[in-house]
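Participant: Structure incoming, see below.
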Amino acid sequence: MARFVDIHPVDPQPRLVAQVVDILQDGGLAAFPTDACFTLGARLSDAHAKQRIIDIRHLDGKHHFTLMCSDFAQLGSLVQLDNSVFRAIRAATPGPYTFILPATGEVPRRLLHPKKRTVGVRIPDHKVCRALLDAMGEPLLTSTLLLPDHEEPIAMGWDVKEALDHVVDVVVDGDQTGQEPTTVVDFSEGYPEVVRVGAGDPTPFE
């Protein structure tokens, strides 16, 4: 059974955050709230995490996984950014956006899009989520928690636990989150292309 950890949405308790981080560092898979919706997350170095997420979500090989970062220092080490792209992304972050960009050599090959050699990155604007990232001290491999038989993501922590009790290791509750995934903007060709409209306003990239 998954552990359930209820973290304060405004003032996350360091003790509880540390408990979740310990599970992640031991190779656990977590479900936690973000500024968009609930997300599945694990360490980048966990070789089995990607397959666990694929199995839960029934994903195909074309899915872009997202590397969730605490700041631009982490993000900049994972993807290639020219000045104009950097400025455009900087203006919209932190926030409910995922940006698809060419990956650097720091990203494990198994996490890249198989043909494009790209990856999704984002910096969230959610206190619980950011507390986890800060305590981890490294980016997380993530994917929107959208189950194959659901039309929209689950919004409540207890509902997430009921649905995923035997396939994740910890469920983090931090008050009700949204039910829209991030807005996805593809910068892989050097210009923005909105490929999914979600929680973030797509207007700046249209």
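Participant: Can you run down the residue pairs with Cβ atoms below 9 Å, 6 or more apart or on separate chains, where the first is in segment 86-106 and free of Cβ contacts under 8 Å to residues at least 60 places away in the same chain and the partner is in a loop (DSSP other than H, G, I, E, B) and among the β-branched types (Val, Ile, Thr)?
Facilitator: Going by the 9 Å Cβ cut-off, the qualifying pairs are Thr93/Ile123; Pro94/Ile123.
Participant: Please go through segment 4-15 and pick out each residue that is over 19 Å from Leu164 (Cβ atoms) and either in a helix (DSSP H, G or I) or under 20 Å from the mean Cα position of the chain (by Cα) (or both).
Facilitator: Across segment 4-15, the qualifying residues are His8, Pro9, Val10, Pro12, Pro14, Arg15.
Participant: Follow-up question, since we're still on this one. Taking Ser84 as the residue in question, decide whether it is assigned to a loop (DSSP other than H, G, I, E, B) and either farther than 23 Å from His150 by Cα or modelled with pLDDT of 95 or more (or both).
Facilitator: Numbers: assigned to a loop (DSSP other than H, G, I, E, B): no; either farther than 23 Å from His150 by Cα or modelled with pLDDT of 95 or more (or both): yes.
It is false that Ser84 is assigned to a loop (DSSP other than H, G, I, E, B) and either farther than 23 Å from His150 by Cα or modelled with pLDDT of 95 or more (or both).
Participant: Output the number of the condition that Ser188 fails; it satisfies all remaining conditions of (1) under 19 Å from Leu67 (Cα atoms); (2) more than 15 Å from the chain's Cα centre (by Cα); (3) assigned to a helix (DSSP H, G or I).
Facilitator: Answer for Ser188: the failing condition is (3).
Participant: Then there's this: Determine which member of the set Ile123, Ile154, Ile100 is within 16 Å of Thr177 (Cα to Cα), under 16 Å from the mean Cα position of the chain (by Cα) and among the β-branched types (Val, Ile, Thr).
Facilitator: Values: Ile123 fails: within 16 Å of Thr177 (Cα to Cα); Ile100 fails: within 16 Å of Thr177 (Cα to Cα).
Criteria check complete, one pass: Ile154.
Participant: Among (1) of a type in the set (A, V, I, L, M); (2) over 28 Å from Glu152 (Cα atoms); (3) buried (at least 19 other Cβ atoms within 10 Å of the Cβ); (4) in contact (Cβ under 8 Å) with a residue 40 or more places away in the chain, which single condition is Ala18 missing?
Facilitator: (3)
Participant: What tally of residues in segment 110-145 results from selecting those that are buried (at least 20 other Cβ atoms within 10 Å of the Cβ) and in a loop (DSSP other than H, G, I, E, B)?
Facilitator: 5
The values are calculated or read from the model by the stated rules, or taken from the named source; none is laboratory data. Given the structure is predicted, the values throughout are model-derived calculations rather than measurements. Positions of Cβ are generated from backbone atoms using ideal geometry, with glycine treated the same way; all protein chains shown enter the neighbour counts.
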